[in-house]
Amino acid sequence: MRRTAAIVGVGYSGFRSISPDLSYKEMMYEAAAKAYEDAGVDPQRDIESFVSVAEDFNEGTSIFDEYVPDQIGGALKPVHTIPGDGIHGLIAAYMQLLTGAMDIVMVEAHSKASNALTLSDVMAYAMEPIYNRPLGANPHFIAGMEMNRYLHSTGTTEEQCAQVVVKNRGNGFLNPSAAHGARVDLEMVLSSETVFYPLKKLEISSHADGAVVMVLASGEVAEELTSLPIWIRGVGWCNETPSLETRDWEGATYARKSAEMAYGMAGIRHPWQEIDFAEIDDTYAYKELQHMEALNLCRKGEAGHLVQEGATELDGAFPVNPSGGTLGVGHLLDASGLGRALEVVLQLRGEAGERQLGEVETGLAFGWRGVPTTSGAAVVLSV
Amino acid sequence: MSLIERLGTFGDAKVWYDNIPLESEYTVGIAGERFLRAIKDRGVILGTVCPACDLTYVPPSMYCERCFTQLDEWVELPAKGTVYTFTIVTRSLDGQALDEPEILAFVKLPGAHGGLVHRLTTAKPEDVEIGMEVEVVFKPQKEREGSILDIKGFKPT
Ligand SMILES: [Zn+2]
């Protein structure tokens with residue numbers, strides 16, 4: 001039988017559009033200190049392994065993993081850094097618990113996007129260098145092309161995509177740690193400039209700074225540490241293909257496969273019935289709808305109707321992105337997915353303040369690494 | 001326990017500026033060499049075929065990304081195709097408004113699983129639609145250098 005594991009502590013710093021007062025190390029320190037306090041652990045004494053998620057180009061420092069241990073209490077301890085989405089890091093930490101070699105591990109991810117003066121160049125440098133990068137196009141073009149194909153193949157409308165922005169920025173308005181919460185109406189979104197047809201300016205998430213830390217523990221240890229462990233019931237991740245020329249432009253296959261793996265592990269057969277809410281990548285507004293369908297929360301072409309009918313609002317049948325998502329909270333670079341998982345933990349614990357959902361027992365978090373990737377990761381959490 | 005003291009005024013918030021120049025060469029490889037040379041010398045588009053998966057890769061690859069088989073069957077594809085999806089780009093790499101919006105499309109070549117992402121050159125944005133038939137526009141042969149930019153883009157047929 002597989003060992004069980006739970007999230008026993010969370011901490012975060014931010015999220016803010018800029019953070020001139022704190023270095024990235026201080027943000028990590030703050031998030032870690034809060035998470036250790038929350039879990040009631042001492043990093044030097046209790047935490048057996050540390051996992052951080054970071055990408056050198058986002059950090060502006062090569063071999064960035066070298067700069068990780070000190071500010072999270074990991075000096076002289078097992079520490080490793082992976083590139084990926086924050087949920088990939090959460091899964092890496094979880095797997096260490098599953099081995100039986102560790103009982104308490106932590107995962108960290110952060111964004112100091114405001115320090116990266118040429119983030120669009122970093123994104124461009126991620127493009128395939130021989131066939132795609134010579135075009136010299138702003139990489140958001142990939143989202144424009146994908147949205148166009150998604151609308152074409154599903155009949156989803158531009159209004160339905162815009163409604164995602166209205167909902168998520170509105171949810172962010174109720175979240176004190178959201179950097180981009182706002183009351184916007186459909187007309188404002190639809191009349192914002194079409195920058196990468198059919199993608200509009202307000203449908204592209206803006207960056208935010210912050211750090212997220214979680215402490216994970218194996219079953220029995222988790223129950224000793226807290227009266228409210230948040231159990232990891234299933235995880236899944238998938239990379240489709242880096243090639244723009246052979247990928248699925250319609251259905252986010254990486255999300256579908258990630259979910260199939262996570263649901264399989266969690267024993268979930270009817271996600272809409274068995275899961276109460278989800279925090280899923282909405283880096284671009286249409287992505288929330290495409291990801292909902294790929295995550296089998298509804299059928300193809302149905303997500304747009306659900307958001308329009310209000311089914312994914314805070315008081316709807318299946319709330320999606322109660323935190324405000326990436327559109328409302330802000331895009332946290334490598335920490336985006338961990339930020340989604342953080343909201344699931346806060347909701348399940350009943351600590352989500354004004355945006356608290358009633359009676360929730362199981363939530364899904366899904367992260368995507370953004371353009372030009374087809375890399376996703378999912379986690380199902382339960383009280 | 002967390003941070004005990006914080007900065008209180010903007011003037012105290014210091015930054016250190018730096019930048020690092022990065023330059024690379026990217027080996028195009030065996031398949032890339034053959035693909036780009038065929039464009040440069042003969043103005044034709046080549047693909048590789050995976051018989052097991054019945055997929056034709058454009059740009060060609062030496063292996064099948066689905067079944068991991070090494071591919072050695074090469075085919076010449078028609079230099080035309082169908083717009084699978086497109087977008088109209090209004091921003092430069094650094095986010096500045098472009099003087100002239102640029103249309104980028106993913107064009108599937110007939111018989112290929114893949115295709116090419118490139119510009120739609122002579123089309124007006126309002127005339128472009130998914131499913132539209134287009135053909136490759138090559139640069140004049142003497143201007144070709146053995147890169148994907150030896151293709152100017154696609155134009156409606
Ligand atoms: Zn194959």
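For B:Ala105, which of the numbered conditions (1) open to solvent by 60 Å² or more (accessible area, probe 1.4 Å); (2) out of contact with any Asp or Glu (no Cβ under 9 Å at 6 or more places or on another chain); (3) away from the ligand (no atom under 16 Å from the Cβ) fails to hold?
Only one criterion in (1) open to solvent by 60 Å² or more (accessible area, probe 1.4 Å); (2) out of contact with any Asp or Glu (no Cβ under 9 Å at 6 or more places or on another chain); (3) away from the ligand (no atom under 16 Å from the Cβ) is unmet by B:Ala105, namely (1).
Does the stretch A:176-209 hold any residues that are within 14 Å of chain B (Cβ to nearest Cβ) and either open to solvent by less than 10 Å² (accessible area, probe 1.4 Å) or over 24 Å from A:Ile142 (Cα atoms) (or both), and which are they?
Initial filter on the stretch A:176-209 (within 14 Å of chain B (Cβ to nearest Cβ)): A:192-201, A:203-204, A:206-207, A:209.
Listed by number, the residues that qualify are A:Val195, A:Phe196, A:Pro198, A:Leu199, A:Lys200, A:Glu203, A:Asp209.
Six or more apart or on different chains, Cβ under 8 Å: which pairs go from a residue in the stretch B:72-96 that's without any contact (Cβ under 8 Å) to a residue 24 or more places away in the chain and facing chain A (nearest Cβ under 7 Å) to one that's crowded, with 16+ Cβ neighbours inside 10 Å and of a type in the set (D, E, K, R)? Could you list them?
B:Val89/B:Glu102
Restricting the search to the stretch A:40-59, which residues are farther than 23 Å from A:Leu225 by Cα, open to solvent by less than 70 Å² (accessible area, probe 1.4 Å) and of a type outside the set (Val, Ile, Thr)? Lay out the reasoning, then the answer.
First pass over the stretch A:40-59, keeping only residues farther than 23 Å from A:Leu225 by Cα: A:53-59.
Remaining after also requiring open to solvent by less than 70 Å² (accessible area, probe 1.4 Å): A:53-56, A:58-59.
Within the stretch A:40-59, A:Ala54, A:Glu55, A:Asp56, A:Asn58, A:Glu59 meet the criteria.
List the pairs whose first member sits in the stretch B:129-152 and is more than 26 Å from A:Leu151 (Cβ to Cβ) and open to solvent by less than 50 Å² (accessible area, probe 1.4 Å), whose second member is assigned to a loop (DSSP other than H, G, I, E, B) and among the hydroxyl-bearing types (Ser, Thr, Tyr), and whose Cβ atoms are under 6 Å apart, counting only residues at least 6 apart or on separate chains?
B:Val137/B:Thr121; B:Ile148/A:Tyr131
Every residue in the stretch B:53-66 that is assigned to a loop (DSSP other than H, G, I, E, B), open to solvent by less than 50 Å² (accessible area, probe 1.4 Å) and near the ligand (Cβ under 8 Å from one of its atoms), please. Steps first, answer last, please.
Within the stretch B:53-66, the first condition is being assigned to a loop (DSSP other than H, G, I, E, B), and the residues that meet it are B:53-54, B:58-62, B:64-66.
Now drop any that are not open to solvent by less than 50 Å² (accessible area, probe 1.4 Å), which leaves B:53, B:58-61, B:64.
B:Cys53, B:Cys64, listed by residue number.
Scan the stretch B:54-67 residue by residue and report those that are more than 9 Å from every other protein chain (Cβ to nearest Cβ), touching a residue at least 24 places away in the same chain (Cβ under 8 Å) and farther than 12 Å from A:Ser243 by Cα.
Result: B:Thr56, B:Met62.
Of all residues in the stretch B:67-87, which are within 23 Å of A:Thr374 (Cβ to Cβ), in a strand (DSSP E or B) and either within 16 Å of the ligand (Cβ to nearest atom) or not small (Gly, Ala, Ser) (or both)? Reasoning before the result, please.
Within the stretch B:67-87, the first condition is being within 23 Å of A:Thr374 (Cβ to Cβ), and the residues that meet it are B:67-69, B:71, B:81-87.
If we keep only those that are in a strand (DSSP E or B) too, we end up with B:81-87.
Residues satisfying the conditions are B:Thr82, B:Val83, B:Tyr84, B:Thr85, B:Phe86, B:Thr87.
Just one of (1) of a type in the set (S, T, N, Q); (2) open to solvent by 40 Å² or more (accessible area, probe 1.4 Å); (3) under 22 Å from A:Asn58 (Cα atoms) trips up A:Asn132, so point out which.
Of (1) of a type in the set (S, T, N, Q); (2) open to solvent by 40 Å² or more (accessible area, probe 1.4 Å); (3) under 22 Å from A:Asn58 (Cα atoms), only one is false for A:Asn132: (2).
Name, by its number, the condition in (1) touching a His at 6+ places or on another chain (Cβ under 9 Å); (2) in a strand (DSSP E or B) that does not hold for A:Gly9.
Unmet for A:Gly9, out of (1) touching a His at 6+ places or on another chain (Cβ under 9 Å); (2) in a strand (DSSP E or B): (1).
B:Glu76 fails exactly one of the following numbered conditions: (1) farther than 27 Å from A:Asn138 by Cβ; (2) surrounded by 17 or more Cβ atoms within 10 Å (Cβ to Cβ). What is the number of that condition?
Of everything listed in (1) farther than 27 Å from A:Asn138 by Cβ; (2) surrounded by 17 or more Cβ atoms within 10 Å (Cβ to Cβ), B:Glu76 misses just condition (2).
The values are calculated or read from the model by the stated rules, or taken from the named source; none is laboratory data. Note that the structure is a prediction, hence the values are computed from the model and not measured. Using ideal geometry, Cβ is built from the backbone for each residue, glycine included, and neighbour counts are taken over all protein chains shown. All accessible areas refer to the heavy atoms of the entire protein, side chains included, with ligands and DNA or RNA removed. Shrake-Rupley method; radii C 1.70, N 1.55, O 1.52, S 1.80 Å.
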